[in-house]
Structure formats: C-alpha cells, structure tokens
Amino acid sequence: MTLVKTPPPLSQDVDLSKTYDAVIVGSGAAGGMAAHVLTEQGMDVLLLEAGKKLPIEQELRSMQWPYDHPRRGDAPPGYHSLSFNEYTIRTPPYAKGSTFKHVMSYVGGWGGSDYVKNILVDEKDHPYTGTKYAWVRARALGGKTNIWGRLALRLSDYDFKGKTHDGYGDDWPISYADIEPYYDRVDRYLGISGVKENLPHLPDSLFQRPNKLSFGEVKLRESLKKMGRVLTPYRAGVTTDGLKHNKYRSKCYGRGACDRRPGGCDIHAAFDSPTGLIYPAMDTGHLTIRTNSIAHEVLVDPNSGKARGVAFVDSGTRKSYEAKAKVVIVGASTLESARLLLLSRSPQHPNGIGNSSGHVGHNFCEHVMGPGVTGLVKDLVGKPPTLDDGRPGGFYIPRFRNLKDRQPGFVRGYGFEGSGGFSIFPGNAFGTPGFGAQFKKDVRDHAGAFIGMGGFGEVLSRYENYVDLDPDAKDAWGIPTLRFHYQFGDNEKKMCEDMVVAGREMLEAAGIEVVGTDEKMLTEGWSIHELGTARMGSDPKTSVLNQFQQSHDVKNLFVVDGSSHVSASCQNPTWTIMALAWRSCEYLAGEFKKGNL
Amino acid sequence: MSDHRVDPQEGLSRREMLEVTAAALATPLLHLGPTAAPPATPILQGAPKFFTGPEFALLDELSDLIIPTDAHSPGARVAGVATYIDFRLSESPEPEQQASWRSGLAAVDALSKELHGKPLLEATPDQRVAVLTRMAAGEHDPKTPAEHFFQQLKGWTVRAYYTSKVGIHADEQYKGNVYQRGEFAGYDAT
C-alpha cells in the first residue's frame, strides 16, 4: 500500500550564475516556511542547506521492532552520544579528545541512536566553546524538524505583551491579533491535533481529531479541573485527519513511533519541513535547492550596503561559491543565524551585518527543564496491558503561574509535558529491586501504572546571556565557531523549585502516589528551544529586526527563525516560528513586488 | 516520481507473535524459576563471539536467574539475553567495558566458592539463588566487586530481555507499534 510519495533526487548542479529573487539559508521550520510562502507568491528562490538530503524513511524505519535491529536501535560501535555528566563535568568542546569516531549530542541517547546518527551533527566537526551548553544540531534537509517533538502551541498576549503584564523585559512589536490569522494558516496547511480549552494564555488552534488520554491521565485531568487547572491531550503538529493538498504526507495511524524514538515519522503524519513545506514548494517550479552548502557570509554590495547574496562552502568538495540574490533570508536556527550575521563583517557592517545595535547574539533565551514528578496510579497495578502509547505524545498542562496571581519567587511561568500508561519498554524495570520470578512479576504488574511529567519553564531574556564568535576555534571547514556566555539565573532556579512542589501537589490531589521527583535542572540547551539572538523590536538601538523580521539596518535582509523572538514564553516555539515566518514573507513578497527592497 | 511503499501489515507479523506466544505456552511449569535446573545447552548459534564457553554458560544462567521462566512467560535464557550481550561486547570499542564483564563473572564464581566451596554452575539451584541474593544485597549502594557486577548484569539483562520478542510480546504483551485504522485507543478528554 502506498501512503506517501517521495520527490525525485536533488541535483548539486544548480545555476549560480543568475541572480535569484531570494536566497534562503536553512531548510528547517523557518527556511521551509519562507520557501513555501515566497514560491507561492511566484518568486524565484534558491534554498541553501548545510546538510545532505537523507533517504529519511530508511533512516527512521519507524515501525522496526527493537529485536529486528542487531543492536536494538543503538548505533554501531564508534558512535557515542554525550551524557548529562559529560555536559556538566567537561567544558566545551565536548567531543575533543574523545576516543569515539563519532560523537552525537545527548539526543542520540534517547533510545534509537541508530535512527538519528545521520541527522544529528557529529560534534567533532562542529565544536563550540565557552559556558556549558547542550547544543543539539541537525544538518540535513529539514534540519531539526526531522526529529521534531511535535508539541505545537500558540503564544498569547501574556507573551507578546509580557512587559505590560508584569513589567519584565520587553513587549514584542506585535500582538496576538497580528499573528492569529497566520497561526490559522499554519494549522490548516500543516495539520494539528488537539482539544479546545478556551484558555486566554494558550489559544486554541483549528484542530483535527485529538489524541486520546490514558486512564491515569483522565484521572489527573478530572482532578486538575477542581484546582482550576487544565490537562489537555498533547497538541501535536500531526495531521490526524490527513491533508488533501499534500501528497507527501499520510494521516496519522497512531503507531506511536514518533514517541518512542528521538522523533521522526516515516509516513510524515508528524510535520517535517521537507514534506510539509519544501516538496510542495518544489512543485511550484520556483524553488531551487542546493544541499551540502554551508553558508558562512552574507555578502554586501559596497555601494548600497545592502545584501547581495550568500557565500558558502560545499561540505563535501570544500569548494567556495557565491549565490546571488535580491533578498537574503536567514533561517539557519537561532544560534547558527546569529553566527552567520556575526561572521558577515564588512566595512559597511563592521560588527556583523544587521548588528549596528550590538544586540546580535544577545538576549539569548530558551526553556529550562529537568524538574518533574513520577506517580503510581494504584488502580492500574496488575491490570492487563492496554494500547497507551500509539500517539504523538501524552498530555500538556498549560501554565498556571503568574497569570492572575503574583508568585513571590519568580516571574513568568511553566507548563508540564507528560504521559502515563504502557509503553514498548517497561522503564520501571530499572528501578524495581531484586531478581527472579517476583522481580519479573513486579515489573509486569506495574509497567502500565506510572504517570510522569516534567516542566518546561520560560528562561528570561537577558542581554548578558549571549553568544559571540570564538577568536581561535574553528569548525571542520575553517569557519569560526560560537562561544557561549550563557547561564540560568535565579528566576529559573526558583521556578524549577516550584515545578517540583506544584507537580507533587497535583498528583497527590488526584490520589496518585508520588514515587519519584527530579529536582535538578538539566544543562542549558537541553530543551532544544534556543531563541532571541536577533530579536525584533521597534527601536533599532535595542533590537535587530522590525516586526516583519526585517533587519533595521539592511532592508533586503530578513531573519525568520527563533532568533527573532523577544521572549521565550514557556510554550514551545515551532508553531510561532512558522506563523511569524509566514507573516513576514508575505510582507516581504509585497515589498519586493513594489520594488521597495 | 518514486513511491515510498509502506506495508501496514509488515510491522505486525502476527505469525511471529503467535509463535512467541506458543513458545510461552509450551514452556511453563518445566522451569519454575530458581528452583529448577537449567537446560543443558543455552540458546546460542555456534560458539560465543566474545566470552569463553564456560563464561557464556555462567552469564546465561545468571541472566535466567534474574528473569526466569514462569507460568506467564519464558525468561532470559529463551529470550537469548546472553547471546545479545555476547554480541554487543564482541564489537565493543571499549576494552575496559569488556574487561569488566570478565572480571565480574570471575567475581561471581569467587563468591560462590566462598559461600559454597564451588563455582556457581556446580552449585545447587538453592545455592545459586543464595549467591545472587548476596550480590543483590547492595543493589542501591554496591561495594564489593560482585555487588557492582550485579548492577551491570541486571541492567543489561533488563535491556536485552524487554527489547526481545519474548519480552515485548510474551511477557509484556505489548499492544502498540500497530496501525490504528479506526478510532485511536484510549479515552476522550471530556
């Protein structure tokens, strides 16, 4: 049976003699969306991706049973995934001096490193320095969307007008009303599943059919209602009803493959940029793609000071090229985009292109995670197994702090992600003491009775949290690397303490016995939600981009990824990245047609 | 335009599941865990790749003491746990990891000799359980070499068993990794 189509192979031999209407750097959520919107508007677009185009279905092998893989999903000898301790004990670059041939970020250790070993970068080729940071990078067509975690949430005016609400930081130059129509378009074009809850701080999407809850999750939802809190089925960027306009994506069959691996869906029911955005954009006939193309400078016209294209090196041949374009769009990910801007120094832009404010690389923020609770649902002990994990995720508990109340210890808030019930591997086996028939029975009887959840909290945007270029260190292609100057502060620590207290309180109120708590914060970077390094704003002195993600300094330069976000919110960023990119690229196309760029 | 073919039935393999379940039904009551004698030959195709024959036999027995066959499902021996560990160690690029298994198995026999005057495989079933009980005593705070080895042994046994056909289908009776063509399983959020 055929569920999805795949497009023909890409050619490396693209026409670099002509001047494109636009060149896009990066093919993830941001770059993919830019390609979709601009090609739909009829613009002639070149997309540069640093990584390769992978035979992604063969990489992911979503339905492979563990025992049908020689190493039960582990990568072959010679591959190593960084552990929490390596990030905390060592100083970056983490892979330096490793005896392993290939070193991956911690994501490889989630179970199934063989399925992501070609998606994640080899840390040995991509060093960085400075403070500790678990920087997860994927270089492949589609970037990190190939293993995206699928939680697709909207932000609200509690985020966009955060300063107005609590006095901290800066408001965004847009409000929810500005972006709402674009969230709607993203919902319809890409598909999202969920349940309407009518919450002002977590606006509803245009949902396809929702994922279901497990028994323990329903119990917790019912109890939370009495506390005025909400547990809602995982709002997943997954098409559960199918998309008639997209032949590259199947509807979701509840296989659960995405949730027992680091991510990825080989029938593309879960959103990924290639099948959701890029292949349809190719079908317009207006998109040219060059993979293995590592951009290292936005080129500047010395007379006008405007961008005139992008310099890149071929990752395989190491040859240098220039791509010429009338508009340059950067969507290389929050940190790589900042790096590219800082690398693009010229007499016109001595601090890096678009950086007259000195804010590029600064105001770096993300989500803090780690603290969480595990509970035992006693009614489920000894019950026969049920299918609980055939879904893209369990549940989400939206923020409940600092909405109407004012917490004494911290500003802003956090949400919980969690799930309960049976899964393919009974994780409780590791914590069950003893051995023999009793051990085996204990594992079996309790395997489906646990429910766990972990917090994702807003890290405050602070100017003093930043990245710059390391004066000495270079990557495998001789390009200067990033140096981190980034640490969680007191607000994050207080918030994390509260996560444990509140998590415990919620489980106990539901009659669920708390059997474990995690109190430690994971290393900076762990959430893979880095944001803010080229923020939007109305004042060119304190921001890099205007409300359309257009450089204050260089009007034909746009930065359309998470680097533009003014604050992190506690809600996951991908859906907002795409809604903003859609809005900005629509504006871009309009200005382009008017000859204003 | 090439098609990406996905066969929704492929991952299921009902036949395989039935086979495993049949094996589970055929095996019970023959080996009731620690009190039963082990079968003469462990499940292994050809010689072990990393361990010596005696080392492999010891590992096989230890894994089956940790997760034995019971009335519900076959244990670690039937699931081929020792074979899997042997394969993974045979290609390990870490000599220290390999050495820790050799010395760990030696520590088990040393403890068995200390307690019963003979290596584990020559001890009675009850004596074997006594050795493992001693090793497991320090599970949460291991101190002796045998206690440290127990952690390592149990961790790998758990990982290998619950990712095996026997572990997933016969023991856990896992319901997922299937195409749900109609309603998704579970409860509505109402």
Looking at this structure, is residue A:566 of a type in the set (A, V, I, L, M) and over 28 Å from residue A:188 (Cα atoms)? no
Quick test of your reading of the structure: residue A:122 fulfils all but one of (1) among the acidic types (Asp, Glu); (2) without any contact (Cβ under 8 Å) to a residue 60 or more places away in the chain; (3) more than 20 Å from residue A:484 (Cβ to Cβ). Name the failing condition by number. (3)
Please verify whether residue A:39 is under 23 Å from residue A:268 (Cα atoms), of a type in the set (Ser, Thr, Tyr) and at pLDDT below 95, treating the condition exactly as stated. no
Kindly provide the set of residues from segment B:156-190 that are closer than 16 Å to residue B:80 by Cα and either at the interface with chain A (Cβ under 7 Å from one of its Cβ atoms) or part of a loop (DSSP other than H, G, I, E, B) (or both), ordered by number. B:158, B:162, B:163, B:164, B:165, B:168, B:171
From the residues in segment A:176-198 that are surrounded by 16 or more Cβ atoms within 10 Å (Cβ to Cβ) and closer than 21 Å to residue A:165 by Cα, which one is farthest from the other protein chains (Cβ to nearest Cβ)? A:179
Cβ contacts < 6 Å: first residue more than 10 Å from every other protein chain (Cβ to nearest Cβ), restricted to segment B:128-144; second residue charged (D, E, K, R) and outside any loop (DSSP other than H, G, I, E, B), any location; separation 6+ or different chain. Result? B:138/B:147
When residues of segment A:369-398 are filtered for being more than 14 Å from every other protein chain (Cβ to nearest Cβ) and touching a helix residue (DSSP H, G or I) at 6+ places or on another chain (Cβ under 9 Å), how many remain? 9
Are any of the residues in segment A:329-350 within 14 Å of chain B (Cβ to nearest Cβ) and of a type outside the set (Gly, Ala, Ser)? no
For segment A:349-380, which residues satisfy the criterion of being outside any loop (DSSP other than H, G, I, E, B), of a type in the set (Gly, Ala, Ser) and buried (at least 24 other Cβ atoms within 10 Å of the Cβ)? A:375
Taking only pairs six or more apart or across chains, which ones have beta-carbon atoms under 9 Å, a first residue in segment A:414-431 that is at the interface with chain B (Cβ under 9 Å from one of its Cβ atoms), and a second residue that is among the polar types (S, T, N, Q)? A:421/A:214; A:421/A:386; A:422/A:214; A:422/A:386; A:424/B:163; A:424/B:177; A:425/B:163; A:426/A:432
Can you name the residue in segment A:209-259 that is of a type in the set (A, V, I, L, M, F, W, C) and either in a loop (DSSP other than H, G, I, E, B) or surrounded by fewer than 24 Cβ atoms within 10 Å (Cβ to Cβ) (or both) and, of all such residues, is nearest to the other protein chains (Cβ to nearest Cβ)? A:218
Is it true that residue A:280 is in a loop (DSSP other than H, G, I, E, B) and on the phi < 0 side of the Ramachandran plot? no
Which of the residues belonging to segment A:122-144 are within 14 Å of the chain's Cα centre (by Cα) and of a type in the set (Val, Ile, Thr)? A:136
Residue identified as within 24 Å of residue A:74 (Cβ to Cβ) and crowded, with 21+ Cβ neighbours inside 10 Å among B:90, B:63: B:63
Which residues, counting only those in segment A:28-66, are of a type in the set (Gly, Ala, Ser) and closer than 30 Å to residue B:179 by Cα? A:28, A:29, A:32, A:62
Would you check if there is a residue in segment A:69-83 being free of Cβ contacts under 8 Å to residues at least 12 places away in the same chain, within 14 Å of chain B (Cβ to nearest Cβ), closer than 30 Å to residue A:518 by Cβ and in a loop (DSSP other than H, G, I, E, B)? yes
Assess whether residue A:51 counts as being farther than 28 Å from residue A:524 by Cβ, in contact with a Ser or Thr (Cβ under 9 Å, 6 or more places away or on another chain) and not charged (D, E, K, R). no
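The values are calculated or read from the model by the stated rules, or taken from the named source; none is laboratory data. These numbers come from a predicted model, not from an experiment. Glycine also receives a Cβ, built like all others from the backbone with ideal geometry; neighbour counts cover every protein chain displayed.
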